[in-house]
1. Which condition from (1) away from ligand 2 (no atom under 16 Å from the Cβ); (2) within 17 Å of the chain's Cα centre (by Cα); (3) in contact (Cβ under 8 Å) with a residue 40 or more places away in the chain is the one that Asp63 breaks?
2. Pairs please, first residue from the range 26-39 and closer than 22 Å to Thr301 by Cβ, second anywhere and assigned to a loop (DSSP other than H, G, I, E, B) and within 16 Å of ligand 2 (Cβ to nearest atom), Cβ atoms under 7 Å, 6+ apart in sequence or on different chains.
3. What single numbered condition from (1) under 26 Å from Pro277 (Cβ atoms); (2) more than 16 Å from ligand 1 (Cβ to nearest atom); (3) surrounded by fewer than 20 Cβ atoms within 10 Å (Cβ to Cβ); (4) not basic (Lys, Arg) fails to hold for Ile22?
4. Quick one: would you say Asp95 is charged (D, E, K, R) and either more than 22 Å from Gly160 (Cβ to Cβ) or touching a Cys at 6+ places or on another chain (Cβ under 9 Å) (or both)?
5. Just give me the residues in the range 159-213 being part of a loop (DSSP other than H, G, I, E, B), out of contact with any strand residue (DSSP E or B) (no Cβ under 9 Å at 6 or more places or on another chain) and hydrophobic (A, V, I, L, M, F, W, C), in sequence order.
6. Taking the stated definitions as given, is Ile56 over 23 Å from Ala180 (Cα atoms), crowded, with 16+ Cβ neighbours inside 10 Å and within 16 Å of ligand 2 (Cβ to nearest atom)?
7. Out of the strands (runs of 3 or more DSSP E) lying entirely within the range 27-121, which hold 2 or more residues that are farther than 26 Å from Ile189 by Cα, away from ligand 1 (no atom under 13 Å from the Cβ) and out of contact with any helix residue (DSSP H, G or I) (no Cβ under 8 Å at 6 or more places or on another chain)?
Amino acid sequence: MSEILVDVKHLKKYFHISKNQILKAVDDISFTIEKGKTLGLVGESGCGKTTVGRTILRLYKPDGGKVIFKNQDIYALGKKGYRELTKQMQMIFQDPYASLNPRKTVGAIVGEGLDIHKLYQSKEERAKRIKELLALVGLNHEHSNRFPHEFSGGQRQRIGIARALSVNPEFIVCDEAISALDVSIQAQIINLLMKLQRELNLTYLFIAHDLSVVRYISDDVAVMYLGKIVEKSSSGELFKKPLHPYTKGLMAAVPLPDPINEKKRIHSILSGEVPSPINPPNGCRFYKRCQYRRDICLEKTPQLADTGNQHLVACHMVHAEQW
Ligand SMILES: Nc1ncnc2c1ncn2[C@@H]1O[C@H](COP(=O)(O)OP(=O)(O)OP(=O)(O)O)[C@@H](O)[C@H]1O
Ligand SMILES: [Mg+2]
C-alpha cells in the first residue's frame with residue numbers, strides 16, 4: 001500500500017499589498033505526494049510555485065487550507081513539533097551561491113544542521129557524518145575545508161544538497177534547484193537527486209518553470225497558472241496527452257526527441273502576457289490567452305476534475321468534449 005506523506009488541501013496564500021489590493025499567489029490548490037515519489041510543479045515565473053513550497057514548509061502562514069504531513073496538521077504543531085518538522089522537511093534552492101554563506105567552509109555549512117539539532121555525540125562523530133554526507137553527494141572529504149566560491153555551480157548545488165540531507169529529512173522541496181545550471185550539469189544533478197531518492201526513500205516536490213526539466217524526475221506533474229493548478233496527472237500521461245490549452249502551450253516549448261511526434265504535435269505557442277494575480281477576475285484565469293475560450297470561461301471558474309485515469313484538468317472546453 002502506498003503511503004501519502006504530504007497532503008495539501010485547499011491551500012491559499014494571499015499577500016495583502018495595499019488596503020484594497022490582494023495578491024492571490026496561491027489560490028485554493030490541493031495535491032498529495034506519496035512517500036518516495038516526486039511531484040513536479042511547473043508554470044511560468046510568478047505563478048506561485050515558490051509560495052507553494054514555502055507555505056508547505058510553514059515558512060508562510062496560509063490564508064486558508066491545510067497541509068497534512070505524516071498525518072499531522074503542520075500549522076497546528078507546537079514549538080517542539082515544529083522543531084521536529086524542520087528536520088523532516090528541507091528545501092534546496094535555485095542559486096546555491098546565494099544560499100551558501102561565503103564566509104563558512106563547506107564542512108561548517110554541512111555541519112550547521114547537525115549542530116542545530118545536536119545530531120552527534122562527539123566531535124569525531126560530527127566529522128565522520130560530514131565526510132559521509134559529502135561522499136553521498138559525490139564530493140571529496142578534502143573539500144570540507146574550502147569555501148563555496150572555490151566550487152563550480154554544479155558542485156555548489158551538491159553542497160546545498162548535502163546541507164539539506166544533514167538532518168535526515170524525509171521530504172525535500174527542490175525549488176528550481178537545477179535551473180541556473182548548464183544542461184549537462186543539470187542532468188548530473190537530476191541523476192544525483194534520483195539516486196538519493198532511491199537510497200534514502202526521499203519524497204520531492206520538484207519545482208521548475210520548464211516542463212522538460214521535470215519530465216524524467218517526476219512521477220506526477222502539476223501545472224500551475226496564476227495561483228491555481230490547471231492540470232495534474234502522471235508524468236507519462238501528461239507528456240503523451242496534455243489537455244489544458246496552457247499545458248499544450250508550455251509543451252510547444254519543449255523539444256521532442258521523436259520526429260514523428262514532433263510533426264504531429266500542436267504548435268500552440270503561448271501568446272499574450274500573464275495577467276496580474278492582484279485582484280484576479282472570476283472565471284478562467286487563462287481566458288485572455290486561450291484560443292479555445294467561450295463565454296462560459298469568463299463567467300465560471302473551471303474546477304479541476306478527473307477526465308479518467310487520474311488525469312485532472314480545469315478547463316470547460318476539455319470537459320465539454322469528454323462528457
Ligand atoms: N513576500 C511577498 N510579498 C508580496 N508578493 C509576493 C511575495 N512573494 C511572492 N509574491 C508574489 O506572488 C506571486 C507568486 O510568486 P512566486 O515567487 O511564488 O512565483 P514563482 O512561480 O515561484 O515564480 P518564479 O518562477 O519567478 O520563481 C508573484 O506575483 C510574486 O510577485
Ligand atoms: Mg520561484
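1. In the conditions (1) away from ligand 2 (no atom under 16 Å from the Cβ); (2) within 17 Å of the chain's Cα centre (by Cα); (3) in contact (Cβ under 8 Å) with a residue 40 or more places away in the chain, Asp63 misses (2) alone.
2. Val26/Gly48; Val26/Gly227; Asp27/Gly227
3. It fails just one condition, (2).
4. Working: charged (D, E, K, R): yes; either more than 22 Å from Gly160 (Cβ to Cβ) or touching a Cys at 6+ places or on another chain (Cβ under 9 Å) (or both): no.
So Asp95 fails the test.
5. Correct list: Ala180, Leu181.
6. Working: over 23 Å from Ala180 (Cα atoms): yes; crowded, with 16+ Cβ neighbours inside 10 Å: yes; within 16 Å of ligand 2 (Cβ to nearest atom): yes.
When the stated conditions are applied, Ile56 passes them.
7. Values: elements: 38-42, 64-69, 89-92.
Because the criterion is at least 2 residues that are farther than 26 Å from Ile189 by Cα, away from ligand 1 (no atom under 13 Å from the Cβ) and out of contact with any helix residue (DSSP H, G or I) (no Cβ under 8 Å at 6 or more places or on another chain), the strands (runs of 3 or more DSSP E) in the range 27-121 that meet it are 64-69.
Matching residues to (1) under 17 Å from the mean Cα position of the chain (by Cα); (2) modelled with pLDDT under 95; (3) within 30 Å of Asp27 (Cα to Cα):
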position	(1), (2), (3)
Gly153	no, yes, no
Arg163	no, no, no
Gln186	yes, yes, no
Ile207	yes, no, yes
Lys228	yes, no, yes
Ser234	yes, no, yes
Ala253	no, yes, yes
Pro257	no, yes, no
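The values are calculated or read from the model by the stated rules, or taken from the named source; none is laboratory data. Just so it is clear, the structure is predicted and the values come from calculations on it, not from any experiment. Methodologically, a virtual Cβ is constructed for each residue, glycine included, from the backbone with ideal geometry; neighbour enumeration extends over all protein chains shown.
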